[in-house]
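The values are calculated or read from the model by the stated rules, or taken from the named source; none is laboratory data. Being a predicted model, the structure only gives us computed values, none of them experimental. Heads up, the Cβs are rebuilt from the backbone with ideal geometry, glycines too, and the neighbour counts pull from every protein chain shown. These area figures cover heavy atoms from the full protein model, side chains too; ligands, DNA and RNA do not enter into them. Shrake-Rupley method; radii C 1.70, N 1.55, O 1.52, S 1.80 Å.
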Amino acid sequence: MEAPLYPDFPLDPSTPPGGQPAFWVGPRHLAGDDRCLYDGVADTLSGLGWTSLTIVRGRQEPDEEPEDRQVLRSTVLHISLDTLRWAQWSLPDEPFHLGDLPIAWQISARADTSSPLASWSSYFTTDVPGEAVADFLVALDARDQPAVPLAGPEKVLEAVAAHGWLRDIDQPQTAATDPTFTSHISLGEVPPLVQDADPRALTTAADEAGPTGWQAWAEPTLGAPCLWAVSFSSSVPHDLVAAFAASLSSTAPVLRRVLPEATRERLLRAPA
C-alpha cells in the first residue's frame, strides 16, 4: 500500500504552486499534472523545434481599441517542422469533455501534407501527468511516418506489465490495471466525437459497435469521478500508445508542488 513518507508536511492543493515546497512523489499515474500541464508539454515541444501559434477568435467593433475587443475563443497550436503532426492546447477553447473532464491537449497526425485531415487524434484531460504526454510527443516526433503502424497491441500491455501492472483476468490481451486497481488502460470502443480517418468513426450506427482504440483513466475510488482520462482514436499506432503507457506506469518519481486532492493520501512523497 502507498502512504506518505512525510505526512506532517502541509500539502494544501489550494495554495498557489509558488508557495509550495517541491516533493518527489509516486506513483506517477496518481500524481496529477502539478497545475502546469501546458508549460511542461510546451517546453518539450519547443525543444523539439515545433512552431507555436496562438489563435484568437473574437469580435471587434469599428474604431474599437484592440484591448477592448471581445475575445470569444482562443487556443494555442504547436506544429512540427514537417507539418505532419500537431498538438493543440484546447483547454481555453471550450473543449468537449472526456470522462466528465475537460480535454486539455489534443494531439494529431496525418500521413502526408496533401490532406488537411488528421489520420488519428489523441485526447488528454487535465491531471494527466505531463511527463507521459511529453514522452508520447517525443516518440511521435521521432517517427518518420507518424500514421503508419509499426507494432501490435501487445506492445502496450508489455509496456505497463514491465512496471508491475496486472493484465485483466477477463481481458488479458486488451486491458491492464495498476496493482492498486486505480488506473486502467484498455483497448475498447472509442468514445463519440473522437476524430479518426477510419470511416467507421462516422458511419457507425447507434446500435453498432464502433472502432476500437486505447483508452486510459484513473478512478481513485470506485464510482467516484475520474482523476484523468485519455482517449486514443482507432488509428493511433500502438507503439506510440506504448510510449505513453510506459511513461505513465513508470516507477520513477516525479517532481510536484500541488497534489490532487483525490489521491494525495495515496502518494509516496519525499522533500526535493
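Might you let me know whether region 120-128 holds any residue that is at pLDDT below 95 and either among the aliphatic types (A, V, I, L, M) or touching a Lys or Arg at 6+ places or on another chain (Cβ under 6 Å) (or both)?
no
Checking the structure you have, find out if any residue of region 107-120 is β-branched (Val, Ile, Thr) and either in contact (Cβ under 8 Å) with a residue 40 or more places away in the chain or not in a strand (DSSP E or B) (or both).
Yes, the conditions are met somewhere in region 107-120.
Is it the case that residue 179 is at pLDDT 95 or above and surrounded by fewer than 19 Cβ atoms within 10 Å (Cβ to Cβ)?
yes
If I ask for residues that are open to solvent by 30 Å² or more (accessible area, probe 1.4 Å) and within 17 Å of residue 53 (Cβ to Cβ), which ones from region 82-105 would you list?
Correct list: 82, 83, 86, 88, 89, 91, 92.
Here are some residues: 209, 205, 201. Which one is open to solvent by 70 Å² or more (accessible area, probe 1.4 Å), of a type in the set (Gly, Ala, Ser), modelled with pLDDT under 80 and not in a strand (DSSP E or B)?
209
Output the qualifying pairs, or none if there are none: Cβ atoms under 9 angstrom, residues six or more apart or on different chains, first residue in region 231-246 and open to solvent by 10 Å² or more (accessible area, probe 1.4 Å), second residue in a loop (DSSP other than H, G, I, E, B) and of a type in the set (Val, Ile, Thr).
Note: pairs meeting the criteria are 234/190; 234/194.
Would you confirm, using the coordinates I've provided, whether residue 164 is more than 29 Å from residue 96 (Cα to Cα), loosely packed, with under 14 Cβ neighbours inside 10 Å and at pLDDT below 95?
On the way: more than 29 Å from residue 96 (Cα to Cα): yes; loosely packed, with under 14 Cβ neighbours inside 10 Å: yes; at pLDDT below 95: no.
For residue 164, the condition - more than 29 Å from residue 96 (Cα to Cα), loosely packed, with under 14 Cβ neighbours inside 10 Å and at pLDDT below 95 - is not met.
Identify all residues within region 247-257 that are crowded, with 21+ Cβ neighbours inside 10 Å and over 21 Å from residue 177 (Cβ atoms); write none if there are none.
The answer is 256, and nothing else.
Given (1) in contact with a helix residue (DSSP H, G or I) (Cβ under 6 Å, 6 or more places away or on another chain); (2) open to solvent by 40 Å² or more (accessible area, probe 1.4 Å); (3) not hydrophobic (A, V, I, L, M, F, W, C), identify the lone condition not met by residue 130.
(2)
Just to be sure before I move on: is residue 121 over 18 Å from the mean Cα position of the chain (by Cα) and either within 17 Å of residue 235 (Cα to Cα) or surrounded by 19 or more Cβ atoms within 10 Å (Cβ to Cβ) (or both) in the structure I sent?
no
Condition check ((1) in a helix (DSSP H, G or I); (2) under 16 Å from residue 78 (Cα atoms); (3) open to solvent by less than 10 Å² (accessible area, probe 1.4 Å)) across all residues:
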| position | (1), (2), (3) |
| --- | --- |
| 135 | yes, yes, no |
| 140 | yes, yes, yes |
| 147 | no, no, no |
| 160 | yes, no, yes |
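Check residue 260 against each of (1) within 20 Å of residue 188 (Cα to Cα); (2) surrounded by fewer than 23 Cβ atoms within 10 Å (Cβ to Cβ) and name the one condition it does not meet.
Unmet condition: (1).
Are there any pairs, at least 6 apart or on different chains, whose C-beta atoms fall under 8 Å, with the first in region 177-196 and under 30 Å from residue 116 (Cα atoms) and free of Cβ contacts under 8 Å to residues at least 60 places away in the same chain and the second aliphatic (A, V, I, L, M) and part of a strand (DSSP E or B), and if so, which?
Once the first residue is under 30 Å from residue 116 (Cα atoms) and free of Cβ contacts under 8 Å to residues at least 60 places away in the same chain and sits in region 177-196, its partners that are aliphatic (A, V, I, L, M) and part of a strand (DSSP E or B) give 186/175; 186/176; 186/216; 187/175; 188/175.
Of all residues in region 223-236, which are part of a loop (DSSP other than H, G, I, E, B) and under 19 Å from residue 267 (Cβ atoms)?
224, 225, 226, 227
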